[in-house]
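The values are calculated or read from the model by the stated rules, or taken from the named source; none is laboratory data. It should be emphasised that the depicted structure is a prediction, and the values quoted were computed from it without experimental measurement. Note that each Cβ is placed from the backbone with ideal geometry, even for glycine, and that neighbours are counted across all protein chains shown.
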Amino acid sequence: MTLKEFKNLFTEVLSKTYPETEIESFFFILIEEKLNLKRIDTVINPNYFIEDKVVIELKHIITRLQKQEPIQYILGNTEFYGYPFLVDKNTLIPRPETEELVSWVLEEAKKTPTDKVSILDIGTGSGCIPISIAKEQKNTNIFAIDVSAEALKVAKQNAILNKVNINFIEQNILETASLPQQFDIIVSNPPYVRALEKVEIKKNVLANEPHLALFVEDDNPLLFYKKIADLAQNHLLENGVLFFEINQYLGKETVLMLKEKGFTNITLKKDYFGNDRMIRCNIN
């Protein structure tokens, strides 16, 4: 089968499931990953011959895509902040909004007047937040906590893949009384999607990504934020900063909770899509 023939097949089969732009995105990700070809090759080399055994593998991937399995899980990897990350069904797929959070944390880290910036990431998943920070900011001492042993296995692999040192800890933050040390920065992207919001979540996310890392109960949606804020009160150094990624519908409620707990300089920031998505604050 030629590259052109495969593209026609790929588009035809998936057109009933995905919009054209998403199909095109999947196609170019796939040919780069499996054939080591670039977008331009579809123009300059449409008759590139794909071996039969590779065609069988590609057709199997099409079948999995038809079932709306995320392509990142199918391939076992994705890119975040320009760096490669392994992912599987024990970890959330890193999202662009979280890249914005990383950029904000890095701005703060560069201003921290210490020789080695101490940072804690709570609910690390694939490790995308601490690993990206470590790649961009060399003078760091970074810890990362997650309740899932399986997620931490992936995170540790990603640290090796990206050649950084992260102190990983398996721990349930809701049952944590104290943290390993005090920190200049604490950051967290905890579970924040309420059960009532499941109707807004794409079916492929609901069917494949770990619910443990996504959902909270409707009657206590700030459960993780309250606990982490309490820990931050006792474990942030002087002038330390707390960062959260938040539920877009609960920005005001999260700000109010932080005010009530004594946090100051609270900044609520929107993401690229115009949704309330991030918070930065200090404790006095």
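Of all residues being of a type in the set (V, I, T) and touching a strand residue (DSSP E or B) at 6+ places or on another chain (Cβ under 6 Å) in region 134-159, which is farthest from L179 (Cα to Cα)? Just the residue, please. The selected residue is V154.
Elements of the type helices (runs of 4 or more DSSP H) sitting completely within region 1-79 and holding at least 3 residues that are within 30 Å of N162 (Cβ to Cβ): these cover 20-35, 52-66, 71-75. Checking the stated criteria, I279 turns out to be of a type in the set (A, V, I, L, M), assigned to a strand (DSSP E or B) and either under 17 Å from I119 (Cβ atoms) or not assigned by TED's automatic domain parsing to the domain that holds K198 (or both). Contact annotation: residue pairs with Cβ atoms under 9 Å, 6 or more positions apart or on different chains, pairing a residue in region 246-270 that is under 9 Å from C281 (Cβ atoms) and in the same structural domain as V193 (by TED's automatic domain parsing) with a partner that is surrounded by fewer than 17 Cβ atoms within 10 Å (Cβ to Cβ) and among the charged types (D, E, K, R), are I266/K259.
Looking at region 53-75, can you tell me whether even one residue there is surrounded by 13 or more Cβ atoms within 10 Å (Cβ to Cβ), touching a residue at least 60 places away in the same chain (Cβ under 8 Å) and on the phi > 0 side of the Ramachandran plot? Within region 53-75 (the criterion being surrounded by 13 or more Cβ atoms within 10 Å (Cβ to Cβ), touching a residue at least 60 places away in the same chain (Cβ under 8 Å) and on the phi > 0 side of the Ramachandran plot), the answer is yes, since at least one residue qualifies.
All told, N8 falls short of being surrounded by fewer than 16 Cβ atoms within 10 Å (Cβ to Cβ), touching a residue at least 40 places away in the same chain (Cβ under 8 Å) and more than 22 Å from T78 (Cα to Cα). The residues in region 160-203 that are farther than 25 Å from Q68 by Cα and assigned to a helix (DSSP H, G or I) can be counted, and the count is 5. Of the set (1) more than 17 Å from F243 (Cα to Cα); (2) at pLDDT 95 or above; (3) among the hydroxyl-bearing types (S, T, Y), all apply to S178 but (2).
Quick grid of which residues meet (1) more than 24 Å from the chain's Cα centre (by Cα); (2) farther than 15 Å from L9 by Cα; (3) modelled with pLDDT of 95 or more:
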residue	(1), (2), (3)
K38	yes, yes, no
T42	yes, no, no
P46	yes, no, no
V54	yes, no, yes
E57	yes, no, yes
H60	yes, no, yes
R64	no, no, yes
Y73	no, yes, yes
T78	no, yes, yes
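Could you list, in sequence order, all residues of region 81-116 that are closer than 28 Å to A207 by Cβ and in a loop (DSSP other than H, G, I, E, B)? Answer for region 81-116, where residues must be closer than 28 Å to A207 by Cβ and in a loop (DSSP other than H, G, I, E, B): Y81, V87, D88, K89, N90, T91, L92, I93, P94, R95. Among the residues of region 247-284, which ones are within 20 Å of the chain's Cα centre (by Cα) and among the hydroxyl-bearing types (S, T, Y)? Answer for region 247-284, where residues must be within 20 Å of the chain's Cα centre (by Cα) and among the hydroxyl-bearing types (S, T, Y): Y249, Y272.
Among residues of region 117-159 being among the small types (G, A, S) and part of a loop (DSSP other than H, G, I, E, B), the one that is farthest from A213 (Cα to Cα) is G127.
In region 240-276, of all residues being of a type in the set (S, T, Y) and not in a loop (DSSP other than H, G, I, E, B), the one that is surrounded by the most Cβ atoms within 10 Å (Cβ to Cβ) corresponds to T254. In region 152-164, the residues that are touching a residue at least 40 places away in the same chain (Cβ under 8 Å) reach residues that are assigned to a helix (DSSP H, G or I) and not aliphatic (A, V, I, L, M) with C-beta atoms within less than 9 angstrom, at least six apart or across chains, in these pairs: A155/C128; A155/P130; N158/C128; N162/S132; N162/K135. Among the numbered conditions (1) modelled with pLDDT under 95; (2) surrounded by fewer than 15 Cβ atoms within 10 Å (Cβ to Cβ), tell me where T112 comes up short. Condition not satisfied by T112: (2).
Residues in region 78-95 that are surrounded by 18 or more Cβ atoms within 10 Å (Cβ to Cβ) and without any contact (Cβ under 8 Å) to a residue 40 or more places away in the chain: T78, P94.
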